[in-house]
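So the structure is just underneath, and the comments pick up after that.
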């Protein structure tokens, strides 16, 4: 169904009534990013609008959101945000490009201990659902050398093992080393999702060898025809959807754009309007577009049924915790 350009929350509510049964979880939203506070490249353009962004997401059929933690401080903020709404959850971990933070304070053990205590706190509150974002990123070695990335990626399996939490994983241009580390630690993590997948068919096939691993897709996963080839071969039962907002928006130049039916009116940040999305800033409401991309790429017309499978995948991933720690994530 083509929803067309929607100009207000009320129009979305009316549109969703004609698209029943679509229920989505966005597994990756960077709500700690300054763009959701109105800051772009160090300049303030509009008021903080997380509440407005979330309202638009709930109205678009988003049922739950997982807020990404990419450093110790960011994970603290992600937990604080998650506590503001029963539909929000978060991760705790250190992104590969930030792994030097373990050493920068002079005591890597203390940094690891702080992560452990934060994850425990969030788990007890029913808010922390995964360890991460952690992994390897060889596209941005200028931020952190590969050896440091590998050292502290491997270290974070200890968090997942101790707390019986799944892992929220990052892999960029590092499939071989990434999968070797996963294989060495396969008994230490109960489940994982390699989010924001943009790899090749070969990369996809390596990931699918791990039967406890899902693959997360967003707008960047459908940029090229090569991307479409890779995504089309992922079984729906092994997929999750995300926006990775405010990044990874779907653009008119992307190979999969013809599959997208849902759109929102947009305004430049200089002309901010709370009824419109900010041009160039992705939002969790756009996970609906990712659902449409998956359906189009795989030739699935029934989006309600597709969304149900993807939703159940995410619930299964989260509920791999022990019965004592299991969350009500339905």
By the mean-Cβ-within-10 Å protection proxy, highest first, 223-229, 190-196, 129-135, 150-156 rank as 129-135, 190-196, 150-156, 223-229
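When a/c reaches 1.5 or more, the comparison of a/b and b/c decides; with that in mind, is segment 210-330 rounded, prolate or oblate per its Cα gyration tensor?
Oblate, since a/c reaches 1.5 and b/c is not below a/b.
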From DSSP H assignment alone, runs of 4+ in the chain each adding -39500 (n - 2.57), the sum over residues rounded to the nearest 500 puts [θ] at 222 nm at -11000 deg cm²/dmol
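Please state, as a whole number in µm²/s, the translational diffusion coefficient that the Stokes-Einstein equation yields for segment 56-203 at 4 °C and 1.567 mPa s, with Rh defined as the Kirkwood radius across alpha carbon pairs.
Translational D for this selection: 84 µm²/s.
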Ordered by fewest other Cβ atoms within 10 Å, a rough proxy for footprinting exposure, 22, 290 read 22, 290
Nearest 10, in degrees from 0 to 90: the angle of helix 108-124 to the longest Cα principal axis of the chain is 50
For Rg and Dmax of the Cα atoms in Å, with candidates (i) 20.2, 63; (ii) 24.8, 89; (iii) 18.8, 57, the value calculated from the shown model is option (iii)
Candidates 92, 128, 201; GNM for the chain (alpha-carbon contacts under 10 Å) flags as most fluctuating 201
Restricted to the chain, the DSSP antiparallel beta bridge percent, nearest 5, is 5
For the chain, longest principal axis from Cα atoms; helix 287-298 axis from its Cα atoms; angle between them, nearest 10 degrees, is 90
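By the gyration tensor of its Cα atoms, with a ≥ b ≥ c the square roots of the eigenvalues, what is the shape of segment 79-142: rounded for a/c under 1.5, prolate for a/b over b/c, or oblate?
oblate
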If the chain between residue 270 and residue 305 were fully extended at 0.36 nm per residue, the gain over the current Cα-Cα distance would be 8.6 nm
Expressed in angstrom and rounded, the centroid-to-centroid distance over alpha carbons for segment 84-131 and segment 189-266 is 25
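Please rank 254, 113, fewest neighbouring Cβ atoms within 10 Å first, as an exposure proxy.
113, 254
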Per the rule of 0.36 nm per residue minus the C-alpha distance, extending residue 257 to residue 23 adds in nm 82.1 nm
In degrees, nearest 10, the alpha-carbon axis of helix 50-59 is tilted away from the dominant principal axis of the alpha carbons of the chain by 60
Least to most buried among 251, 267, by other C-beta atoms within 10 Å and fewest first, runs 251, 267
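Read the figures in this text as sums done on the coordinates, not as results from a lab. These numbers were taken from a predicted model, which means no experiment stands behind them. Please note: Cβ atoms are built from the backbone with ideal geometry, for glycine as well, and neighbour counts cover all protein chains shown.
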